[in-house]
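Derivation of every value follows stated rules applied to the coordinates shown; laboratory data play no part. In this text the structure is predicted, and so the values were computed from the model without any measurement. In this analysis, Cβ positions are derived from the backbone assuming ideal geometry, glycine residues included, and neighbour counts consider all displayed protein chains.
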Amino acid sequence: MAEKNWECRIGIHKWVLQHEPETGDGYYECARCGKVRSPDGYIPPVFDG
């Protein structure tokens with residue numbers, strides 16, 4: 001199994017807005033580790049790195 005990025009291990013994810021192809025619903029996915037977060041109204045901070 002691939003090792004997680006150190007930032008992801010401490011909870012600093014790089015959230016990117018993605019869309020479901022069939023439904024068009026949006027969700028957030030970490031660009032580094034692939035963790036998925038549902039859109040609950042909270043806008044996560046975006047870290048350019």
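Spin-label point model (7 Å from Cα, Cβ direction): what's the Leu17 to Asp40 distance in nm?
For the pair Leu17/Asp40, the computed spacing is 1.9 nm.
Order the peptides 6-13, 33-40 from the highest to the lowest mean number of other Cβ atoms within 10 Å of their residues. Please report the intermediate quantities before stating the final value.
On the way: 6-13: 12.6, 33-40: 11.0.
Descending packing order for the listed peptides: 6-13, 33-40.
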